[in-house]
1. Applying the selection to segment 301-325, what residues are in a helix (DSSP H, G or I), out of contact with any helix residue (DSSP H, G or I) (no Cβ under 7 Å at 6 or more places or on another chain) and surrounded by fewer than 18 Cβ atoms within 10 Å (Cβ to Cβ)?
2. With the condition kept exactly as written, say whether any residue in segment 72-93 is touching a Gly at 6+ places or on another chain (Cβ under 9 Å) and open to solvent by 10 Å² or more (accessible area, probe 1.4 Å).
3. Just to be sure before I move on: is L287 in contact with a strand residue (DSSP E or B) (Cβ under 7 Å, 6 or more places away or on another chain), more than 16 Å from ligand 3 (Cβ to nearest atom) and either in a strand (DSSP E or B) or open to solvent by less than 10 Å² (accessible area, probe 1.4 Å) (or both) in the structure I sent?
4. Hey, can you tell me all the residues within segment 124-158 that are near ligand 3 (Cβ under 10 Å from one of its atoms) and either closer than 14 Å to A285 by Cα or of a type in the set (S, T, N, Q) (or both)?
5. Have a look at N41, N31 and point out the one that is open to solvent by less than 60 Å² (accessible area, probe 1.4 Å), in the same structural domain as S130 (by TED's automatic domain parsing), under 22 Å from H139 (Cβ atoms) and not basic (K, R).
6. Against the conditions (1) surrounded by fewer than 22 Cβ atoms within 10 Å (Cβ to Cβ); (2) modelled with pLDDT of 95 or more; (3) part of a loop (DSSP other than H, G, I, E, B), where does G298 fall short? Just the number, please.
7. Could you tell me whether any residue of segment 135-143 is surrounded by 23 or more Cβ atoms within 10 Å (Cβ to Cβ) and within 16 Å of ligand 1 (Cβ to nearest atom)?
8. Any chance segment 238-246 includes a residue that's away from ligand 2 (no atom under 16 Å from the Cβ), among the polar types (S, T, N, Q) and in the same structural domain as K300 (by TED's automatic domain parsing)?
Amino acid sequence: MGYRLKTLGEFIIEHQSQFKYSEGELSRLLNSIKLAAKLVNHEVNKAGLVDILGDSGETNIQGETQQKLDVFANDVFMNILKKRDIVCGVASEEEDDFVVISDKNGGHDNKYIVLTDPLDGSSNIDVNVSVGTIFSIYHRVSPIGSPATKDDFLQKGREQVAAGYVVYGTSTMLVYTTGFGVNGFTLNPALGTWYLSHPNMKFPKGGKIYSINEGNYVHFPQGVKDYLKYCQKEEENRPFTSRYIGSLVSDFHRNMIKGGIYIYPTSTKAPKGKLRLLYECNPMAFLAEQAGGKATDGYKCIMDVEPTELHQRVPIFIGSTEMVEKAEEFMAKFPNDANY
Ligand code: AHG
Ligand code: MN
Ligand code: MN
């Protein structure tokens, strides 16, 4: 495949000058993420052959059962990020609290913060359906030289310097942005090399796909119920098509290529929504905006939400701009019930 295509390594070096305050660290950080992604990919690919399927027997701080692959992916990303001398702190969906990382001299001179959902869509692992990894990168706000603090992690999504995801699908892709558009790289597993297969990815303005767990319909806010009825109505180019994989990364990736909206709203069961602001919603919102799409909580942009806690949840409406704006029209008819 694509030996004449640009590799991810070449692409990172060519674009290094776009990172204003970086002396090559951001490039090295992206390189370490691409290595971690390869290791997780290798494990995901042989999941049916080795003892890596199923529960780990543990639960994370949010009370969710951890799968063995959740734990494996978390360990891989944490270890690789700790060993490179770039990051002063990491927070992960699978860790109770953020982790402070010292630099090679035992000090705290590193500049970057990483937040990650190491394995997204865990419920799909055992049934051989696509899963993903999501990452989000910030400059620290605490003074260089002192240990990273909670404020470094509780920055608005607007402050992100880079974000991306890996989708372990029929092929494995790494898709990321540094604020200059979105580019997608496909892994050639025989060579272990990522190639630029999807340059300058853009959400179609409109779309025909809606992705939501409709089993929760009775628990949804009235605005969401009304929007779903709109999607299902027979008119012009409707009814739309419903597609829900149950892994945000995979649903988002498909919608970005084909045009669509992903919604995880508040519900009577989950009054704050389910997805996590810092590990899932902000990085995907940055990618969506950079790809010409939109991401809101139904009322305002996700990246403008002021974070208050590490594992905070928010409702999300994300995807093709026209579809998100149509959903917002329905939401605007009712007061915002999001309690976060
Ligand atoms: P995670 O596996 O990291 O906990 O994330 C799962 C998320 C998201 O990826 C997915 O779209 C959603 O949860 C599915 O939730 P439901 O099963 O409630 O639809
Ligand atoms: Mn997730
Ligand atoms: Mn996860």
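The values are calculated or read from the model by the stated rules, or taken from the named source; none is laboratory data. This one's a predicted model, so the numbers in the text were calculated from it and none came from an experiment. Please note: Cβ atoms are built from the backbone with ideal geometry, for glycine as well, and neighbour counts cover all protein chains shown. When the accessible area is computed, the model is the full protein with side chains, heavy atoms only, and any ligands, DNA or RNA have been set aside. Shrake-Rupley method; radii C 1.70, N 1.55, O 1.52, S 1.80 Å.
1. Quick first cut of segment 301-325, residues in a helix (DSSP H, G or I) only: 302-304, 321-325.
Okay, now just the ones that are also out of contact with any helix residue (DSSP H, G or I) (no Cβ under 7 Å at 6 or more places or on another chain), so 321-325.
Scanning segment 301-325 gives E322, E325.
2. Of all residues in segment 72-93, those touching a Gly at 6+ places or on another chain (Cβ under 9 Å) come to none.
Within segment 72-93, not a single residue is touching a Gly at 6+ places or on another chain (Cβ under 9 Å) and open to solvent by 10 Å² or more (accessible area, probe 1.4 Å).
3. Values: in contact with a strand residue (DSSP E or B) (Cβ under 7 Å, 6 or more places away or on another chain): yes; more than 16 Å from ligand 3 (Cβ to nearest atom): yes; either in a strand (DSSP E or B) or open to solvent by less than 10 Å² (accessible area, probe 1.4 Å) (or both): yes.
It is true that L287 is in contact with a strand residue (DSSP E or B) (Cβ under 7 Å, 6 or more places away or on another chain), more than 16 Å from ligand 3 (Cβ to nearest atom) and either in a strand (DSSP E or B) or open to solvent by less than 10 Å² (accessible area, probe 1.4 Å) (or both).
4. Quick first cut of segment 124-158, residues near ligand 3 (Cβ under 10 Å from one of its atoms) only: 131-134.
T133, I134, listed by residue number.
5. On the way: N41 fails: under 22 Å from H139 (Cβ atoms).
Result: N31 is the single residue among N41, N31 that is open to solvent by less than 60 Å² (accessible area, probe 1.4 Å), in the same structural domain as S130 (by TED's automatic domain parsing), under 22 Å from H139 (Cβ atoms) and not basic (K, R).
6. (1)
7. yes
8. Filtering segment 238-246 down to residues away from ligand 2 (no atom under 16 Å from the Cβ) leaves 238-243.
This time we only want the ones that are among the polar types (S, T, N, Q), so: 241-242.
Narrowing the set further to residues that are in the same structural domain as K300 (by TED's automatic domain parsing) leaves 241-242.
Within segment 238-246 (the criterion being away from ligand 2 (no atom under 16 Å from the Cβ), among the polar types (S, T, N, Q) and in the same structural domain as K300 (by TED's automatic domain parsing)), the answer is yes, since at least one residue qualifies.
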